[in-house]
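Everything on this sheet refers to the single structure shown next.
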Amino acid sequence: MYGDLMEALRAGDARPLSGWLAERGVDTEALWRLPRWNTAPAPGTGPADRRPPDRARAARRVVAEQLPKVADEPCGPALLLLAVVGYVEDAWDITYHFGPLWQTLRAARAVVAEHGTPAGPGSSGSAGSSAGPVDTAVSAAVVRGALAWTEWLDAAITVENMLSCGLRPAQLRAAESACAAAEAVMAAVRPAETAHPELCAYLRDSADLQRDYYRAVAEAVRAVDAFLTSGAPLDAAIDRLAGTERRLAPRGNLYASELRAHRFALQALRDRADADWLRVEHGKIVYVHPFALRDAAPSEVVAAVRRAAHAWPLAGARPRQVHASLNLNDVWHGGDILGRRYEGALAELPDVVLEGLGGEDIGRLTAEIRFSEMGNHYVRFEAELWDASPDDVYHLMCHAGHQFGACRVTFGPEPGAAAPDGARPGVVPDPGRPDREPPGGGGRDGDGWAGHGGDGEGRDGTAGLSFPRLADLAMALVTDVTTALRAEPATADVWLVARAGQSQLVLCVDSASLTRGPAPTGPRREVRTAEELTGAMGAQVLTNPVSHLVGAIAEWARFPVSHALAHGSVLVHDVYLVRTPNTTLLAAPGSAQWTNGTRGTTAEFAASLDGLFAGWLAELAVHHERTGALRRRLPGPESGTELHADELAAIAAEVDAEKLRLDNFAIETRALVLMVQSPSLVSSPVTAELLRLLLDGSGFRRRSEELRLQTDEVAGERLVLLLDKLAARRAARQRGKLEVLLAVIAAAGVSGIVQVLQAGLGSGGPAASWALIGVTAIVLAAAGAGYWAARSIGKTY
């Protein structure tokens, strides 16, 4: 009955099924929008605005509205579920926002399970079907198969999420759940194969493919876990991946390519099984999330923080302490002739706890917000490394990105502290922000963190809020900072420039060792030089940028140590510096730990400048828009519209004000760029040279020059053209007045004026005087009009 639809689905074409549903009145566009992160109406300025908190409820409502339209069709609810699965898979191919995918699947499954499954033989079923007992049983079997198919996709998405989080035990459990769901699909549709052979064959064959795929993935996860912990061989897992890859290639190249990526990574691990492997004995990872605040002087922002930040609610918590200065090494005791230097205020926050969606412990980080009088503000998280493997370091580094897998990020209790009444110290009640969503009820079908988890923001179940990623927490913090600053008179007009993907990572390695093979239990040899560090297996984790996604198990094994995106150099004796687009490595295994602190703060300072540039470019865009609006208010000659003199004067005044603002902006940015590049910013010539290297690696000079050119373009092209246009309008108007006056004078004629003068003088007395006064007035008026017009024509606004 559905042969053509299923044949198209096998070929990867869901359009015929969508058309079939649309013919029956189903709003397929509404279903298509559900799993997509960027289909929220009227998005605001922050990433959270693109993930509305009512996604799960909206999905339930939409599916419930569409289900009755196919309820009377044989297997109609099952076909509706297949369409939803197809829409979710399409979205999955292009997004790492897994929450909308899970929420759509769980909503569709819940609605169909409750309202779309026939009750069984002898009943017409809750869907209102008039089918007989046999047809009802067959339809129920197909719907159960489709429901199990949504369970498979739910688990499959979770496999990828746990891969991104580096939680191999959880990834293994999810892969096994995917296999079990695939087997449930095959078992469910078996009674309906005679009545609906094409539909059942499609579900059976698809489930069979996925079972083979996730069995191979599960074996690979087990093998990698055993290899990294004990050095166990990988050959059987590699052979299993290769064999499954060959079987699946004719049926689905997408899954074959994924297996190939896993196989390549395992082969790279096996090839270096007997090499020296890196262990980071001690170090730290600092996550820098820079942001800018415009239309408020940085000094006023810092003053407001010092005065009032101790009471600010920030992402569900309050600062533990607010310091009136930054905790800087005295190498920053620099400055210029104007007394400017790097200084500011610091808001310490409660520690941040990272957990997997199943409660797995990932780590604990310190958190703070640094406010600078130079304007380079940033949110700072710090994770300490102890005896970390390359795999451990890699997945902790991945937390810097906003594309990382969804986990559970909350403010935790103080270490060893007992929270009164179960509340967490430092955590305040949820202020009811609309962009933060409660996680919903328990069970796998919950709308939030329950079961496999979700990707929305919400309460953590006790107090405060939870977030899926560090980047989301950082965005919530800076958004709340902006809200708090707007309540202060001196910063009431402040606006925020920040984005979740704008982050930098500073990785400091204080000590490291080498083991023969990946197992951490064997003898160790300490790392003393940069050459020993970079020659070890796992060093590529330290010298590569944070990727935009994780595509394979232990994919870091195939990364090169040296590549085009890395700029590395040995600074002094054993200090090794590597700068990539979003990371900075400072390795000093032979130095006292405290000596690396200055280098770390210098690297953080350089990383924080990204927010400064983002703020400058945003403000320049505002200038560009304002000048464009002024130009649009001044009609061209072809329009035939003539503005009144008062309107021209008002526009001219606004242009003057905009030019002054732009001039001040140019002065501010260039002065700050010069200060950052000045050796007087720090008191140590060695630190100044380190900062220069970091700035060169980040493209600071190139970006500064681009900013200068763009500023000149706005001032030179937009404003100058507008000024020329205004001057031409004023000149044309004054010429017109002058020509009218001259025409009057010409009409009267010089001889006529002379005759009037002669007549008046000839009559003598008062008449002569009045004649002379009149002629003088005419001459002076003509001269004044000519001078006024000439001056107006030549004036520049």
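The values are calculated or read from the model by the stated rules, or taken from the named source; none is laboratory data. Bear in mind the structure is a predicted one, so any value in this text is a computation, not a measurement. So basically every Cβ, Gly included, is an ideal-geometry build from the backbone, and we count neighbours across all protein chains shown.
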Return the residue satisfying two criteria in turn: it lies in region 511-556 and is assigned to a helix (DSSP H, G or I) and surrounded by fewer than 20 Cβ atoms within 10 Å (Cβ to Cβ), and of such residues it is nearest to the chain's Cα centre (by Cα). Glu555
Any chance you could count how many residues in region 350-379 are surrounded by fewer than 22 Cβ atoms within 10 Å (Cβ to Cβ) and among the basic types (Lys, Arg)? 1
Hits in region 4-32 (condition: in contact (Cβ under 8 Å) with a residue 60 or more places away in the chain and among the small types (Gly, Ala, Ser)): Ala14, Ser18
Exactly one of these conditions fails for Leu67: (1) in contact with a Phe, Trp or Tyr (Cβ under 9 Å, 6 or more places away or on another chain); (2) modelled with pLDDT of 85 or more; (3) not β-branched (Val, Ile, Thr). Give me its number. (1)
Of (1) over 27 Å from Leu228 (Cβ atoms); (2) crowded, with 20+ Cβ neighbours inside 10 Å, Leu163 satisfies all except one. Which? (1)
Which residues, taken from region 574-597, are assigned to a loop (DSSP other than H, G, I, E, B) and either of a type outside the set (Ser, Thr, Tyr) or at positive phi (or both)? Asp574, Val575, Pro581, Asn582, Ala588, Pro589, Gly590, Ala592
Is it true that Thr602 is in contact with a Ser or Thr (Cβ under 8 Å, 6 or more places away or on another chain), surrounded by 24 or more Cβ atoms within 10 Å (Cβ to Cβ) and farther than 22 Å from Arg279 by Cβ? yes
Within region 209-220, is there a residue that is surrounded by fewer than 24 Cβ atoms within 10 Å (Cβ to Cβ) and part of a loop (DSSP other than H, G, I, E, B)? no
Condition met for Trp332 (out of contact with any Gly (no Cβ under 9 Å at 6 or more places or on another chain) and either touching a residue at least 60 places away in the same chain (Cβ under 8 Å) or over 25 Å from Leu691 (Cβ atoms) (or both)): yes
Identify all residues within region 308-329 that are buried (at least 18 other Cβ atoms within 10 Å of the Cβ) and either in a helix (DSSP H, G or I) or basic (Lys, Arg) (or both); write none if there are none. Ala309, Arg318
Of all residues in region 93-107 being assigned to a helix (DSSP H, G or I) and either within 16 Å of the chain's Cα centre (by Cα) or of a type in the set (Phe, Trp, Tyr) (or both), which is surrounded by the most Cβ atoms within 10 Å (Cβ to Cβ)? Trp102
Matching residues in region 270-283 - criterion: being surrounded by fewer than 23 Cβ atoms within 10 Å (Cβ to Cβ) and in contact with a helix residue (DSSP H, G or I) (Cβ under 8 Å, 6 or more places away or on another chain): Arg270, Arg272, Ala273, Asp276, His282
Go through (1) crowded, with 19+ Cβ neighbours inside 10 Å; (2) closer than 18 Å to Arg692 by Cβ; (3) of a type in the set (A, V, I, L, M, F, W, C) and name the single condition Leu571 misses. (1)
